[in-house]
Structure formats: structure tokens, C-alpha cells
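Encoded as C-alpha cells, the structure appears first; notes follow it.
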Amino acid sequence: MQSENIKILAIESSCDETAAAVVENGRTVLSNVVVSQIDEHKLYGGVVPEIASRRHVEAINAVVDKALADADLKLADLSAIAVTYAPGLIGALLVGVNFAKGLSYASGLPLVPVHHLRSHIAANYISNPQLEPPFLCLVVSGGHSHIVAVEDHTTMKIIGKTRDDAAGEAFDKVARTIGMPYPGGVNLDKKAEVGDDSAYPMPHPRLPDAPYDFSFSGLKTAALNIIHNAEQRGEPVSAENLSASYRKAVVGCLTENFLKAAKDLGYKKLVIAGGVSANTLLRRELTRECKRLGYELFMPGLKYCGDNGAMVGAQAYYEYISGNIASLELNAAATKSIEEG
Ligand code: KG4
Ligand code: ZN
């Protein structure tokens, strides 16, 4: 398979962002258009799947047109059409998958299926042009928390994962109870920056039989109990202090297990990915610890941490050159392991 001068149009609609981008050779972003539905889902305190699907249908045509126009390219200039096909909200994914299938059929261009978490990892290839596998990656998003051994661009092995809530979900639920708008993770992160992280003692959940797995439900319950107990006693809760204490506990679990896995498995090249990789404390703690331990640390630029089309185009390049081309029978899947791709 030719591997130079490959321009891929990539489409992403797995959750609440309708996105499209054109990426060259997996590393150079020629355009990147993201239309967010967050303001509408905010009204309901979380993503409403049915609304998400409808908004994707309304936006996708214009988003894809703009991605091509911004790159100053036509379909005929491209090598392939890529799309996120799993995992995510099934109705939302189907909008992108069907649109991509239509474009592929009409243009005759090959269709490249991209796994959402693989694309989060690939966001790092855009922000860090020198980064190449093998490396160990902490993938932390709204729906997943994984430690993944990335053996090459398309071969991945799950080393650890959450037993219950994902890190982003754990942040969002506590933020919502404190009274912050959806998606709470980023707001909680901002409040935490000015809070006292020792004000509210938190448990440190460990799973002795599975040291690389995570469990955030106990931590989340501890934070929610602090809020409810204070309410019952008519006492105020400091949003800043609770955010800081809770963030420290969640980030403590993530970094401890990630660094243990790196040490045990002998990885010295570490990468973070997914919406939660934008977290200020996670970035700060890992930067400090990796410096101390002599590890290399790679992080996506903040604009590529959340869902976007460019990261899909980055991973699509590696799927394409490894021959991963889908037929027009491609279907979306709400769940799918990153190992299967
Ligand atoms: O990867 P992503 O954009 O979507 C999924 O694939 O799920 O991740 C979204 C998640 C949300 O839970 C959001 O609250 C969280 O990432 N997030 C953060 C921060 N920015 C986004 N969590 C903590 N700190 C942040 N700065
Ligand atoms: Zn995502």
C-alpha cells in the first residue's frame, strides 16, 4: 500500500460532537471542523442520545463540506474516507457511518473504519510528530479508562481497565452534584485549581488482585456522601475544596496504576489520551513523575484531547496503510474492544 501523499477525509459522530477533518499522512492536519452539541445537552445535565443523533443528521453535511473547503480539496484529491464506527452511542455512530458509506460509494474511495479509542491515542501523533510506538498509553475519556500497550500503530493490548465508572464519568457525576453544568469535568478541574486538596479526606481504592485496574465508584460515593451529609446538617460545602480533594484522589489512582504498569512492564515511553487527558493535575503530576523517573511523556495538545475529526484521520492513515478497508456492509457498534480495532 502506498504510504506517501495520503490525504484522508475523516468523520466522527460517536457522542456529542459532529466533526470532520482532512489529514495528510497521519500527521498533518489540513482542516478540522468540530460542531459541538454541548449547549443543548447541558439543559438535561448529560447527553440525550436521541437528540445527539438528530443534531448529527442536521450538521454532518455542512461539517464535511467545510472540512473539504478549508483544506481546499475535492473528493477526487483524497485517498480514502474514514469514519468512527465504534464504540459510542449507536444512533450517533450510525449517522457518521452511513454518511461515510454514501460518500465512499459515490466517490469510489475506500472506506476506513476507525475505533474511537485508537483515534484518541492517535491525537498524539498530530501533537508529537516524533512519537512512534511501542509505548504505554493511559486512555481516559467519558466512557473508558484503560491502560493500553500500543505495540504498533494498529496492535494494542489492554493492560488494565476500570471495573465500574470511567474517569470522565466519575468527574462529571460529582461535578453535577456540586452544581456544575455538563460536562462537569473541565469545570471541576478549574475550581480544583483554587481549592485546598486536603480539605476533604478521600479513600484510595486499590484492587490487590488487579493492580492495573481502576475502580472509581467508591470514590464517587465518598464525594457524594460529603455533599449529602453537609446538606442534611445545613452546612455549606466548598465547591473548590471538594473539587480539589476529589480530583487529587482520582488523579492519584490514575497515575499510581499507570506508573506501576510502566515500571512492571518496562515501558519508558508514556502517552496519555482522551478527554480527561486535558486535566490540569493529571498533566502536571505525570510531567513531574516522568521527569523524576527519566521517562518520556507525550500528551495531546489541548485542542485534540476531546472528540475531533483530526484524530480519526491520524489513526485512519495507519489503518489504511495496514490494509484495514471496510466493505459497504460496515456497521456501527456501541461496544468494541480496542484490541479488535
Ligand atoms: O474523550 P471525550 O471527549 O469523549 C468520550 O469519548 O467520552 O471525553 C469526555 C470526558 C468528559 O467526561 C469530560 O468531563 C472529560 O472528558 N474532561 C475532563 C476535562 N476535560 C474534559 N475531565 C477532567 N478534567 C478536564 N480538564
Ligand atoms: Zn472520545
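The values are calculated or read from the model by the stated rules, or taken from the named source; none is laboratory data. Remember, it's a predicted structure, so these values are computed and weren't measured experimentally. So basically every Cβ, Gly included, is an ideal-geometry build from the backbone, and we count neighbours across all protein chains shown. Areas reflect the complete protein model, heavy atoms only, side chains present, ligands, DNA and RNA absent. Shrake-Rupley method; radii C 1.70, N 1.55, O 1.52, S 1.80 Å.
A single member of Ile60, Ile38 is modelled with pLDDT under 95 and closer than 17 Å to Leu89 by Cβ, and it is Ile38.
Pick from Ala273, Ala261: which is at pLDDT 95 or above, touching a strand residue (DSSP E or B) at 6+ places or on another chain (Cβ under 9 Å) and away from ligand 2 (no atom under 16 Å from the Cβ)? Step through it out loud before you land on a result.
Working: Ala273 fails: away from ligand 2 (no atom under 16 Å from the Cβ).
Unique residue meeting the criteria: Ala261.
Okay, residues lined up against (1) at pLDDT 95 or above; (2) out of contact with any Pro (no Cβ under 9 Å at 6 or more places or on another chain); (3) β-branched (Val, Ile, Thr):
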{"residue": "Thr162", "(1), (2), (3)": "yes, yes, yes"}
{"residue": "Glu169", "(1), (2), (3)": "yes, yes, no"}
{"residue": "Ala222", "(1), (2), (3)": "yes, no, no"}
{"residue": "Gly234", "(1), (2), (3)": "yes, yes, no"}
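For the stretch 218-229, a residue qualifies if it is open to solvent by less than 20 Å² (accessible area, probe 1.4 Å) and under 25 Å from the mean Cα position of the chain (by Cα), and the qualifying residues are Leu219, Ala223. Counting only strands (runs of 3 or more DSSP E) wholly contained in the stretch 25-118, the ones carrying 2 or more residues that are polar (S, T, N, Q) and open to solvent by 20 Å² or more (accessible area, probe 1.4 Å) occupy 28-36.
Note on the stretch 1-19: residues that are under 20 Å from the mean Cα position of the chain (by Cα) and either of a type in the set (Val, Ile, Thr) or away from ligand 1 (no atom under 16 Å from the Cβ) (or both) amount to 3. Of all the criteria given as (1) part of a helix (DSSP H, G or I); (2) more than 16 Å from ligand 1 (Cβ to nearest atom), the one not satisfied by Ser198 is (1). Restricting the stretch 6-18 to residues that are more than 13 Å from Leu93 (Cβ to Cβ) and assigned to a strand (DSSP E or B), the residue that is nearest to ligand 2 (Cβ to nearest atom) is Ala10. Among the numbered conditions (1) small (Gly, Ala, Ser); (2) more than 13 Å from ligand 2 (Cβ to nearest atom); (3) under 15 Å from the mean Cα position of the chain (by Cα), the only one that Gly306 does not meet is (2). Tell me, which residue of the stretch 176-195 that is within 16 Å of ligand 2 (Cβ to nearest atom) and in a loop (DSSP other than H, G, I, E, B) is nearest to Leu282 (Cα to Cα)? Within the stretch 176-195, the match that is nearest to Leu282 (Cα to Cα) is Pro183. Highlighted here are the strands (runs of 3 or more DSSP E) found entirely within the stretch 125-175 that include at least 2 residues which are more than 22 Å from Thr28 (Cα to Cα) and open to solvent by less than 10 Å² (accessible area, probe 1.4 Å): 135-140, 145-152. Within the stretch 113-125, can you find the residues that are over 16 Å from Ala19 (Cα atoms) and away from ligand 2 (no atom under 15 Å from the Cβ)? Hit for the stretch 113-125 is Tyr125, nothing else. Scanning the stretch 207-216 for residues that are touching a residue at least 24 places away in the same chain (Cβ under 8 Å) and open to solvent by 40 Å² or more (accessible area, probe 1.4 Å) returns Leu207, Pro211, Tyr212. Could you count how many residues in the stretch 26-44 are in contact (Cβ under 8 Å) with a residue 60 or more places away in the chain and in contact with a Gly (Cβ under 9 Å, 6 or more places away or on another chain)? So the count comes out to 5. Restricted to the stretch 130-171, and to residues there that are acidic (Asp, Glu) and within 15 Å of ligand 1 (Cβ to nearest atom), the residue that is nearest to Gly184 (Cα to Cα) is Glu169. Does the stretch 308-315 contain at least one residue that is farther than 29 Å from Ser3 by Cα and at pLDDT 95 or above? There is no residue in the stretch 308-315 that is farther than 29 Å from Ser3 by Cα and at pLDDT 95 or above.
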